[in-house]
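Read the structure below first, then the notes.
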Amino acid sequence: MDGDEGDRFSDAIRLLLLIAAVSDPLNEAEQQAAPRDAVAVLRAESRLQKLDFWLRNPDYLADELLNDYEREREKEAINLELAGDILDSDEPEICAIQCRAWSRTAGS
């Protein structure tokens, strides 16, 4: 696989995992209206886009977890621990995947 194919493959795997995580099983009425091989429904594309962004930019995910913690300290105590784990790891530096829109210059 050349570099571009590897990027497309990684993008496809990441998106399939995210779709599987945010989709819901079809209810009986949806099964009747859906294509024959459909197994789930994706109700909110914006949720998928947010999760994709956070997966590619774990430092922003940590920031959002801290915001949740500040809003509801007792109910969201686990978020403080998760945010700390993300920020203490090499994750933001190692795994951040650049957004294509921002990785190009005006001359490319």
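The values are calculated or read from the model by the stated rules, or taken from the named source; none is laboratory data. If you're wondering where the values come from, they're calculated on a predicted model, not measured in any experiment. Because the Cβ atoms are built from the backbone with ideal geometry, glycine has one as well, and the counts that use them run over all protein chains shown. When the accessible area is computed, the model is the full protein with side chains, heavy atoms only, and any ligands, DNA or RNA have been set aside. Shrake-Rupley method; radii C 1.70, N 1.55, O 1.52, S 1.80 Å.
Going by the structure shown, is Gln31 over 30 Å from Leu80 (Cβ atoms), of a type in the set (S, T, N, Q) and part of a helix (DSSP H, G or I)? Before the answer, list the steps.
Details: over 30 Å from Leu80 (Cβ atoms): yes; of a type in the set (S, T, N, Q): yes; part of a helix (DSSP H, G or I): yes.
Against the criterion (over 30 Å from Leu80 (Cβ atoms), of a type in the set (S, T, N, Q) and part of a helix (DSSP H, G or I)), Gln31 qualifies.
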In the range 21-41, how many residues are open to solvent by less than 70 Å² (accessible area, probe 1.4 Å) and of a type outside the set (S, T, N, Q)?
8
Filter result for Gln49 (assigned to a helix (DSSP H, G or I) and either over 16 Å from the mean Cα position of the chain (by Cα) or farther than 30 Å from Ala62 by Cα (or both))
no
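The rows are residues; the columns are (1) farther than 18 Å from Ile13 by Cα; (2) touching a Lys or Arg at 6+ places or on another chain (Cβ under 9 Å).
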| residue | (1), (2) |
| --- | --- |
| Leu42 | no, no |
| Leu55 | no, yes |
| Asp63 | yes, no |
| Leu66 | yes, no |
| Glu70 | yes, no |
Selected residue [aliphatic (A, V, I, L, M) and either in a helix (DSSP H, G or I) or at pLDDT below 80 (or both)] from Ala38, Ala20
Ala20
